[in-house]
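Have a look at the structure below before the remarks.
The values are calculated or read from the model by the stated rules, or taken from the named source; none is laboratory data. Keep in mind the model is a prediction, meaning the values are calculated, not measured. Every residue, glycine among them, receives a Cβ derived from its backbone with ideal geometry; neighbour counts consider all protein chains shown.
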Amino acid sequence: MKNLEYNLFIILPILSILVFISLVSIAMLTYNGGNAIDHDSQGYSFATNYLSDLGRDIGYSGNNNQVSFYSFNLSLIIIGISFLIYFLFLPSLHNTSPVSLLLSRVGGIFGCFASICFAGVGFTPSDIYFDLHVFFANWVFRSMSLAVFFYSLTFLFINKDNFYLSLIFFSSGLIVLSHIVIADFDFALYMSNPHNAKVLSQKAAVIAMIFMVPLMAIINLRQLNNKKISLRVFG
C-alpha cells in the first residue's frame, strides 16, 4: 500500500511534469512559425508566441503543424488526467484535523477543475475550437491560483515545519495570479508592449506551476513518512 501512495503522490506528478516538459520542448523545436502579431516569423518565439500556438493544427504561417500539434496537445491531456487522479486523492494525505481536511478538499476541487481544464485545452486547439479553448485556458490559471491558496493554508495546518515551503508555494501562486491580472483584467494595456506582456506572464505562470510540483512532493513525502494513509476520494 505504501508503494501505491508513494507512486500516486510523488512519482506520478513528477513523472507527468517531466513528460510535459519533454513534449512541450519537442513542440517548440518543431513549430512551423508565425504568431498573432507576425504571421511570417520563423520558428517559435518565447516572447511573442503563446503556448497555445504550439497546439494549432495549422500554424499562423499557414503551414501544417502536425508534430507540434500532437506533442503539445498530448502533453496537456497527460497532465490533465494525471493531476485529476492526483488531486482526487490528495486530501487523504491531509486528514490530520477537520480544518486541514476541509482546506485540502476545497483546494482539491479547484485542482481537479484545473486538471480538467488542462486536458480541455489539449482537446480544443485554438484554431479549431477557439471559444472553448479560451475558456479552458483561462480557467486553468484561475482554478490553479485558488487551489494554491487553499493548499498553502493546508500545509501550514498539517505541520508548522512546512512554513517556509508553504510561503514559497504561495509566492509561486502569486505569479499565477499576476498573469490573471495582466491578461484577464487587461493590465497589459498599461505596459509598453501588451502582447509580449501577456505572453511572458503566461510563461512565468506555467513555470511557477511546474516549480510547485517538487515543492508539493517534498511536503507529501513528509506526510507519507509521518502517518498512515487511507486512500479515499477527497479524503
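Brief remarks follow.
- Any hit, segment 77-90, residues being among the hydrophobic types (A, V, I, L, M, F, W, C), in contact with an Asp or Glu (Cβ under 9 Å, 6 or more places away or on another chain), within 22 Å of ARG232 (Cβ to Cβ) and at pLDDT 95 or above: yes
- Search result, residues across segment 115-136 that are surrounded by fewer than 23 Cβ atoms within 10 Å (Cβ to Cβ) and of a type in the set (A, V, I, L, M): ILE116, ALA119, ILE128, LEU132, VAL134
- Residue match in segment 140-158 (condition: surrounded by fewer than 15 Cβ atoms within 10 Å (Cβ to Cβ) and free of Cβ contacts under 8 Å to residues at least 12 places away in the same chain): no
- Listed conditions (1) more than 21 Å from PRO98 (Cα to Cα); (2) modelled with pLDDT of 95 or more; (3) not basic (Lys, Arg) are all met by ALA147, apart from (1).
- Here segment 171-209 is the region considered, the condition is being assigned to a loop (DSSP other than H, G, I, E, B) and not acidic (Asp, Glu), and the residue that is surrounded by the fewest Cβ atoms within 10 Å (Cβ to Cβ) is SER192.
- Filter pass, ASP127 being farther than 18 Å from LEU8 by Cα and at pLDDT below 95: yes
- Options SER25, SER61, SER52, SER104: the member that is at pLDDT 95 or above, more than 30 Å from GLN223 (Cα to Cα), polar (S, T, N, Q) and in contact with a His (Cβ under 7 Å, 6 or more places away or on another chain): SER52
- Among helices (runs of 4 or more DSSP H) entirely within segment 1-114, having at least 2 residues that are in contact with a Cys (Cβ under 8 Å, 6 or more places away or on another chain), crowded, with 21+ Cβ neighbours inside 10 Å and not polar (S, T, N, Q) singles out 66-89.
- Looking only at segment 210-234, residues that are assigned to a loop (DSSP other than H, G, I, E, B) and either in contact with a Pro (Cβ under 7 Å, 6 or more places away or on another chain) or crowded, with 17+ Cβ neighbours inside 10 Å (or both) come to 2 in all.
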